[in-house]
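Below: one structure, written as structure tokens.
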Amino acid sequence: EKAGVATDVDEEAADKLRSHYSYYLRDGMSVLEFGAAEDSYLPGGLRLGRHVGVGLSVDQMAQNGAITETLEVDLNNVVAENGVDSDELRALGASSFDAILMANTLDFLENPREVYKSAWQLLKPGGIMMVAFTSRDAYSDKFGKAQTKMWSTFNDDQHMWIAGSCFQFSAGDGWEVL
């Protein structure tokens with residue numbers, strides 16, 4: 001419904017996300033971005049070896065100069081206990097990415113645990129997944145109807161619990177706490 005609407009993250013939040021990413025991301029890494037759009041909020045000067053954007057809007061991803069490959073995938077199309085139902089995503093290969101990014105996407109996922117499960121399968125051993133999200137009111141004027149009921153009715157503490165629970169219940173003890 002809102003696939004073509006820009007996210008418009010405020011500059012302070014974007015700077016904080018870039019700073020956070022700069023701590024973990026290094027030149028030459030292979031990165032997969034779930035919910036990719038017009039900006040990945042990567043630190044300036046970072047030279048990734050590969051950056052695959054996965055999202056619903058090919059037009060928005062085309063505006064993002066950091067993305068080297070795009071996949072149009074509906075992250076809400078999942079198979080229970082198997083992850084995202086996408087041959088294109090599976091074709092990327094298991095254990096292919098050093099890092100997986102997912103910014104401002106969790107609040108739109110109907111089955112986030114299945115998306116995390118796909119991330120776990122695509123991530124190299126020792127890789128990292130970073131999930132950033134805003135408060136439930138950040139985009140209510142633009143995306144309120146697109147947010148899941150769970151997201152729009154929970155508070156920020158509950159959002160943290162959801163994000164953490166998805167790690168715990170998608171791969172069990174497989175995720176390492178940093």
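The values are calculated or read from the model by the stated rules, or taken from the named source; none is laboratory data. Here the structure is a predicted model, which is why all the values come from computation and not from measurement. Neighbour counts are summed over all protein chains in view; Cβ atoms, including those assigned to glycine, are modelled from backbone coordinates with ideal geometry.
Taken over the range 50-80, residues that are without any contact (Cβ under 8 Å) to a residue 12 or more places away in the chain and over 13 Å from D39 (Cα atoms) amount to 1.
One residue is enough: does the range 8-29 have a residue meeting the conditions in contact (Cβ under 8 Å) with a residue 40 or more places away in the chain, under 17 Å from the mean Cα position of the chain (by Cα), surrounded by 19 or more Cβ atoms within 10 Å (Cβ to Cβ) and over 21 Å from F133 (Cα atoms)? Within the range 8-29, one or more residues are in contact (Cβ under 8 Å) with a residue 40 or more places away in the chain, under 17 Å from the mean Cα position of the chain (by Cα), surrounded by 19 or more Cβ atoms within 10 Å (Cβ to Cβ) and over 21 Å from F133 (Cα atoms).
So which strands (runs of 3 or more DSSP E) are wholly in the range 31-109 and hold at least 2 residues that are of a type in the set (A, V, I, L, M, F, W, C) and closer than 25 Å to K16 by Cα?
Details: elements: 50-55, 69-72, 97-103.
Of the strands (runs of 3 or more DSSP E) lying wholly inside the range 31-109, those with at least 2 residues that are of a type in the set (A, V, I, L, M, F, W, C) and closer than 25 Å to K16 by Cα span 50-55, 97-103.
Restricting attention to the range 1-30, the residues that are in a loop (DSSP other than H, G, I, E, B), of a type in the set (S, T, Y) and modelled with pLDDT of 95 or more add up to 0.
Here's the yes/no breakdown for (1) surrounded by fewer than 21 Cβ atoms within 10 Å (Cβ to Cβ); (2) at pLDDT 90 or above:
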| residue | (1), (2) |
| --- | --- |
| M61 | no, yes |
| E72 | yes, yes |
| V79 | yes, yes |
| S96 | yes, yes |
| L109 | no, no |
| A119 | no, yes |
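Picking from residues in the range 38-59 that are modelled with pLDDT of 95 or more and of a type in the set (V, I, T), the one that is surrounded by the fewest Cβ atoms within 10 Å (Cβ to Cβ) is V52.
Kindly check whether there is at least one residue in the range 35-43 that is in contact with a Phe, Trp or Tyr (Cβ under 9 Å, 6 or more places away or on another chain), at positive phi and touching a residue at least 12 places away in the same chain (Cβ under 8 Å). Within the range 35-43 (the criterion being in contact with a Phe, Trp or Tyr (Cβ under 9 Å, 6 or more places away or on another chain), at positive phi and touching a residue at least 12 places away in the same chain (Cβ under 8 Å)), the answer is yes, since at least one residue qualifies.
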